[in-house]
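Note sheet for the following structure.
The values are calculated or read from the model by the stated rules, or taken from the named source; none is laboratory data. The shown structure was predicted, so the numbers you read here are calculated from the model rather than taken from an experiment. Quick note on the areas: whole protein, heavy atoms, side chains included, nothing else; ligands and nucleic acids left out. Shrake-Rupley method; radii C 1.70, N 1.55, O 1.52, S 1.80 Å.
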Amino acid sequence: MTEQKADGALDGAIGAIIGALEQEEGPMTDKKRRIVESAVLCFAENGYAATATNTIARRAGVAEGTIFRHFPTKKELLVRLVRPLFAHSLLPLAVEEMQVEQTKSAGDLRAIMRAIMKSRLALADRYAPLVRILIQEVKFHEELQAAIPANFLEAVRSGAETILAPFIERGEIRPVDPLYFLRSVISLLIGYYLLRSEVAPQAHWDDDAEIESIIDLLLNGLRPR
């Protein structure tokens, strides 16, 4: 990803986070907006634990006490960055996308999977700062885990069940638990994303080819053909 594209993706991610937070908490003052922007950048670059509130304040150009007037603790700041985006953007978008792709690609499971996986990868790139924060911090903070809506997995599972049902009924694929199917797709896609974006970003990666390989593995397994 070029520096110009990276800057654009970063601006898009911060804009989406601010938009989701304003949807939940109302319009921001200029200082609160600068605090949010600074926090996203600092957490993504240095990790939550290594980021001090005075570092966020300096980058935002505000006094440290101003942060605590808007966000009583650093942990609450982190949670309030994540929760609105899931509730107002990511969850509704994921469910809606499944419905749209099922309609557009009816009868072609490979096409449905390809479209959804490509868009999820693009979304992860768009929200790269938030994705990095979640990867680094979610296992350490129960509050951050609780920020993910309780109905997230169930809503996505229901969408996967709707997509898979016609293919199961026609005998094109064997009966499979939609949640198991989702876990498999998510695990492979996240594994690829981490390799491509965090472990070896300097390598040449072909997203289309990798997605086709993942789909082929899921639909055909390792049996000889």
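With viscosity 1.306 mPa s and temperature 10 °C, the Kirkwood radius over alpha carbon pairs of the stretch 103-145 converts through Stokes-Einstein to a diffusion coefficient of 129 µm²/s. Extension gain, Lys31 to Ile190: 0.36 nm times the residue separation minus the Cα-Cα distance gives 53.8 nm. Between the C-alpha center of the stretch 9-69 and that of the stretch 108-131 there is a gap of 26 Å. The heavy atoms of Phe152 offer some 50 square angstrom of accessible surface to a 1.4 angstrom probe. Counting only lysines at least 8 places from Lys75 when in the same chain, those with an alpha carbon closer than 29 Å to its own are Lys31, Lys32, Lys139. For the stretch 123-134, the Karplus equation 6.51 cos²θ - 1.76 cosθ + 1.60, evaluated at θ = phi - 60°, returns couplings of 5, 4, 5, 5, 9, 3, x, 5, 4, 4, 4, 4 Hz by residue, with Gly and Pro reported as x.
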